[in-house]
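Asker: Quick one: the structure is below, and I'll ask about it shortly.
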Amino acid sequence: MTSIRSCLLVACLSAALARAAAGQAQAYLVDSNLDQLFSVDLATGAATPLASTANHGLDIPADLTWRGDTSELWTIDLSGGEAGTIDVAAGTFTPLLQTGQSGWQGMAWDPVTQLFYLSHQNGSSYVLDPVNGATTLLGPSGFSLITCLDVDGAGVLWGIDYSSGAVVRLDKATGVGTAVATTIPGFQGLGIDAATGAWFGANTVDDALHAVDQGSGAATLIGAHGAGVDFAKGFDLVGGACTAPYGSGCMGSGGFTPALSMDGCPYAGQQTTLHLTQCLGGSMSALLISPGQAQAPLGGGCFLLVQATPLCLLVPLGGSGPGGGSWTLTGLIPAGTPPVTIYLQAFVADPWPVIDMSASSGLKVDVH
């Protein structure tokens, strides 16, 4: 039964994802000379100061990377070797992992392998495990100084060599790099928009933002950062929280208001898990999946919170007792799915002979 449910979930998600609209990327930059975090306008390149990063022992923030499953901006200290998060509002650095090495240059989070990839000034590639904190050498990249890393929407790890401008595709198993193009030298930050495939690079030679063509390496000036930016050591595109409830659920005859939730952030090519809890045991539920939200009254204090003609998945509930019935669904987001937003809601029909219905609040989900 579980495998059938998972297949149905994949089919429903695939159709809904194809109809949904993509979101818009944001960008952040860190200047290691100024110890300052900035937001960056991707249309003009202009930087806006946000907060100082000179706190909690962060000496030289080397590169930035967005971890979508936890909605956190990460950096690694070139000098001290500690990795951790930067609060985008306050600039507060929270050291969470210690590599025990200095000399880090590039950092990228990979949602597929759930690992951080690092480039070092010794020319080698490493992985950093966020669970146990282990730093593991993959091997020499074959390039002298890869100063920025990022992972594209297909899960490919990319870097740019600072001096030569080589655009490098890196093997995530061996760390070996292959040059596919040459761009201008001086890039210290790279951000790839998974929605469009567009590349953006922060360059320390002219303190400006450039669009970079991954195929040819051609760099097109977008605009100077301004705002006193002196040495942009890290840059990345980021997203907000990937799930958010909206609207209100309604209670059924058993006194339960269903609660719909999702584990972490859903990524293309990865499994995602949905949970429905707080339901009357023995009931039957319907999961509605739609590319848009709505608020249509259904009577009895219940509302339809997804757009008309949603896709529907019928799922029997298991369990009973004080916690009520529940289900957990795990399915694979199809590989190649572009970043989109979908809307979910669950309805629960109480078991015979009671004729009553309850519903969860809506759940907005951003697929990366």
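Asker: Can you tell me how much longer the chain between S144 and T309 gets when fully stretched, taken as 0.36 nm per residue apart minus their C-alpha distance, in nm with one decimal?
Answerer: Result for the pair: 53.9 nm of gain on full extension.
Asker: 5 Å is the cut-off here: which amide hydrogens, built 1.01 Å from N in the peptide plane, fall below it relative to G189, excluding neighbours closer than 5 in sequence?
Answerer: Those qualifying (amide H under 5 Å, at least 5 residues apart or on another chain) are A202.
Asker: On to the next question. Kindly state, to the nearest 0.05, the FRET efficiency for D213 paired with L298, given R0 = 35 Å and r defined as their beta-carbon distance.
Answerer: E(calc), rounded to 0.05, equals 0.10.
Asker: How much length, in nm to one decimal, is gained on full extension between L221 and V205, taken as 0.36 nm per residue of separation minus their Cα-Cα distance?
Answerer: Between L221 and V205, full extension yields an extra 4.5 nm.
Asker: To continue, here is another question. Order by neighbour count: T136, T272, T243, fewest other Cβ atoms within 10 Å first, most last.
Answerer: Fewest-to-most ranking of T136, T272, T243: T136, T243, T272.
Asker: While we're here: Normalised by the number of residues in region 26-238, what is the relative contact order in percent for Cα pairs under 8 Å and 6+ residues apart?
Answerer: Taking the mean separation of contacting Cα pairs over the length of region 26-238, I get 19 percent.
Asker: If you don't mind, there's one more thing I want to ask. Suppose R0 equals 25 Å; then what is the FRET efficiency for A54 and N122 from their Cβ-Cβ distance, rounded to the nearest 0.05?
Answerer: 0.40
Asker: Per Stokes-Einstein, at 37 °C and 0.692 mPa s, what whole-number D in µm² s⁻¹ belongs to the chain, with the Kirkwood radius over Cα pairs as the hydrodynamic radius?
Answerer: The estimated diffusion coefficient comes to 150 µm²/s.
Asker: If you rank F256, F231, F303 by fewest surrounding Cβ atoms within 10 Å, what's the result?
Answerer: Sorted ascending by nearby Cβ count, the order is F231, F303, F256.
Asker: Tell me, what is the percent relative contact order of region 171-268, built from C-alpha pairs under 8 Å that lie six or more residues apart?
Answerer: 21
Asker: How many nm separate the modelled label positions at S102 and A244, each set 7 Å beyond the Cα in the direction of the Cβ?
Answerer: So the two model labels end up 4.2 nm from each other.
Asker: Counting helices only, and only those DSSP H runs with n ≥ 4, report the 222 nm mean residue ellipticity of the chain as the sum of -39,500 (n - 2.57) divided by its residues, in deg cm²/dmol to the nearest 500.
Answerer: Using -39500 (n - 2.57) per qualifying helix, the result is -1500 deg cm²/dmol.
Asker: Which angle between 0 and 90 degrees, to the nearest 10, do you get for helix 2-19 versus the longest principal axis of the chain when only C-alpha atoms count?
Answerer: Taking the Cα atoms of the chain, the angle to 2-19 is about 70 degrees.
Asker: Give me, ordered by chain and number, the residues 5 or more places off G281 or on other chains with an amide H under 5 Å from its own placed amide H.
Answerer: G321, G325
Asker: Hey, what do the phi angles of region 113-123 turn into as Karplus ³J(HN,Hα) couplings, whole Hz, using 6.51/-1.76/1.60 and θ = phi - 60°, x for Gly and Pro?
Answerer: 8, 6, 9, 8, 9, 10, 10, 10, 5, 7, x
Asker: Round to the nearest 0.05 the FRET efficiency obtained for Q114 and S164 when R0 = 51 Å and r is the Cβ-Cβ distance.
Answerer: 0.95
Asker: Under a plain spin-label model, where a point goes 7 Å from the Cα along Cα-to-Cβ, how far apart in nm are D263 and T174?
Answerer: That separation, rounded to one decimal, is 3.4 nm.
Computed from the coordinates by the stated procedures, all read-outs in this text should not be read as laboratory data. Just so it is clear, the model here is predicted, and its values are computed rather than measured. Note that we place each Cβ from the backbone using ideal geometry, even for glycine, and neighbour counts take in every protein chain shown.
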